[in-house]
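Chemist: Take this structure first; my questions come after.
The values are calculated or read from the model by the stated rules, or taken from the named source; none is laboratory data. Predicted model only: the values in this text are computed from it and were never measured. Neighbour counts run over all protein chains shown; Cβ positions are idealised from the backbone, glycine included. With ligands, DNA and RNA removed, areas are computed over all heavy atoms of the protein, side chains included. Shrake-Rupley method; radii C 1.70, N 1.55, O 1.52, S 1.80 Å.
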Amino acid sequence: NDFVTGYQYSAVKNTSNAVTSIKLKFTPKAVGAAQNNGFAIELPVATSNVDVANMTGATLENASASNPVIVVYNNVRSAFNNASGYINTVQGGSQITSTSMEITVPLLTPVAETKVPFAAFNPFLIVNQQRSHEIHLVDYAPTAQADLTLFGSTSVEKSDPSKGIYYRMDNIYPWAIDV
């Protein structure tokens, strides 16, 4: 697989049980691509509600986007001390330990926990440093920076944005999975 990471999401809440910040932790496990892919996540809150000045561990990609996109790794290899080739993909092969990334996204105004469902978090791969080339989980929409002309551009790519179908192959298998 191109990139495998463990993750933990948590919400910090105030005494009224409203979310005051979002904590993200990513622990990369493997890189199975020869490319230098990036990794980012889009959060289901308003970008205008992110306390950018107090955000730690990463930066906001575009302050004018409707939802915040946080680039976790410009190149996922950086988590493995910039190792080249396939990393941790061969059974019995040498293993490289990664460095985890911990990110805190404070909110300017607390929001109800129901407005920040973890299932709506939208992690994605940035293909070979081309920001407009994204790979998301099945049926998660691309960000505003994605090149939508790539949908249906190959014989196996079967996304249909008009039906909310994204990142599926000709046999309806996914481009990415969350286990």
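Chemist: Please go through the range 12-35 and give me each residue that is modelled with pLDDT of 95 or more, more than 23 Å from Thr114 (Cβ to Cβ) and open to solvent by 60 Å² or more (accessible area, probe 1.4 Å), ordered by number.
Modeler: Lys29
Chemist: Answer yes or no: is there a residue in the range 82-94 that is under 14 Å from Ile22 (Cβ atoms) and either open to solvent by less than 30 Å² (accessible area, probe 1.4 Å) or without any contact (Cβ under 8 Å) to a residue 40 or more places away in the chain (or both).
Modeler: Scanning the range 82-94, I find no residue that is under 14 Å from Ile22 (Cβ atoms) and either open to solvent by less than 30 Å² (accessible area, probe 1.4 Å) or without any contact (Cβ under 8 Å) to a residue 40 or more places away in the chain (or both), so the answer is no.
Chemist: For residues that are in a loop (DSSP other than H, G, I, E, B) and surrounded by fewer than 12 Cβ atoms within 10 Å (Cβ to Cβ), scanning just the range 163-172, find the one that is modelled with the highest pLDDT. Spell out the reasoning first.
Modeler: Taking the range 163-172 and keeping what is in a loop (DSSP other than H, G, I, E, B), we get 164, 166-167, 170-172.
With the extra rule that they be surrounded by fewer than 12 Cβ atoms within 10 Å (Cβ to Cβ), the set shrinks to 164, 170-172.
On the way: Gly164: 86, Asp170: 72, Asn171: 68, Ile172: 72.
Out of the qualifying residues, it is Gly164.
Chemist: Restricting the search to the range 123-146, which residues are at positive phi and in contact (Cβ under 8 Å) with a residue 60 or more places away in the chain?
Modeler: Taking the range 123-146 and keeping what is at positive phi, we get 128-129, 139.
Answer for the range 123-146, where residues must be at positive phi and in contact (Cβ under 8 Å) with a residue 60 or more places away in the chain: Asn128, Gln129.
Chemist: So which pairs qualify, if the first residue must be in the range 11-28 and among the aromatic types (Phe, Trp, Tyr), the second must be open to solvent by less than 30 Å² (accessible area, probe 1.4 Å) and assigned to a strand (DSSP E or B), the Cβ gap must be under 9 Å, and the two must be at least 6 apart or on different chains?
Modeler: Matching pairs, first to second residue: Phe26/Gly6; Phe26/Phe39; Phe26/Ile41; Phe26/Val72; Phe26/Tyr73; Phe26/Ile103; Phe26/Pro123.
Chemist: Of everything in the range 27-49, what is part of a strand (DSSP E or B) and either of a type in the set (Gly, Ala, Ser) or more than 17 Å from the chain's Cα centre (by Cα) (or both)? Give them in sequence order.
Modeler: Within the range 27-49, Ala30, Gly38, Ala40 qualify.
Chemist: Now a separate question. Restricting attention to the range 50-88, and to residues there that are of a type in the set (A, V, I, L, M, F, W, C) and in a helix (DSSP H, G or I), which single residue is nearest to Glu134 (Cα to Cα)?
Modeler: The first filter runs over the range 50-88 and keeps only residues of a type in the set (A, V, I, L, M, F, W, C), leaving 50, 52-53, 55, 58, 60, 63, 65, 69-72, 76, 79-80, 83, 87.
Then keep just the ones that are in a helix (DSSP H, G or I); that gives 52-53, 76, 79-80.
Working: Val52: 24, Ala53: 27, Val76: 14, Ala79: 20, Phe80: 22 Å.
In this case the residue turns out to be Val76.
Chemist: Quick check: anything in the range 92-103 of a type in the set (Asp, Glu) and closer than 20 Å to Lys13 by Cβ?
Modeler: Here is the first cut: in the range 92-103, the residues of a type in the set (Asp, Glu) are 102.
Now narrow it down to the ones that are closer than 20 Å to Lys13 by Cβ: 102.
Yes, the range 92-103 contains a residue that is of a type in the set (Asp, Glu) and closer than 20 Å to Lys13 by Cβ.
Chemist: Looking for something free of Cβ contacts under 8 Å to residues at least 12 places away in the same chain and either loosely packed, with under 11 Cβ neighbours inside 10 Å or closer than 30 Å to Thr20 by Cα (or both) - is there at least one such residue anywhere in the range 55-74? If you could, list the steps in order and put the result at the bottom.
Modeler: We begin by selecting, within the range 55-74, every residue free of Cβ contacts under 8 Å to residues at least 12 places away in the same chain; these are none.
No, because not a single residue in the range 55-74 is free of Cβ contacts under 8 Å to residues at least 12 places away in the same chain and either loosely packed, with under 11 Cβ neighbours inside 10 Å or closer than 30 Å to Thr20 by Cα (or both).
Chemist: Please go through the range 121-162 and pick out each residue that is in a helix (DSSP H, G or I), closer than 25 Å to Gln8 by Cα and either open to solvent by less than 40 Å² (accessible area, probe 1.4 Å) or at pLDDT below 90 (or both).
Modeler: Answer for the range 121-162, where residues must be in a helix (DSSP H, G or I), closer than 25 Å to Gln8 by Cα and either open to solvent by less than 40 Å² (accessible area, probe 1.4 Å) or at pLDDT below 90 (or both): just Val127.
Chemist: Turning to a different aspect of this structure: What are the residues in the range 95-120 that are farther than 20 Å from Phe39 by Cα, part of a loop (DSSP other than H, G, I, E, B) and open to solvent by 40 Å² or more (accessible area, probe 1.4 Å), if any?
Modeler: Just the residues of the range 95-120 that are farther than 20 Å from Phe39 by Cα, to begin with: 95, 106-117.
Cutting the leftovers down to part of a loop (DSSP other than H, G, I, E, B) gives us 95, 116-117.
Correct list: Gln95, Pro117.
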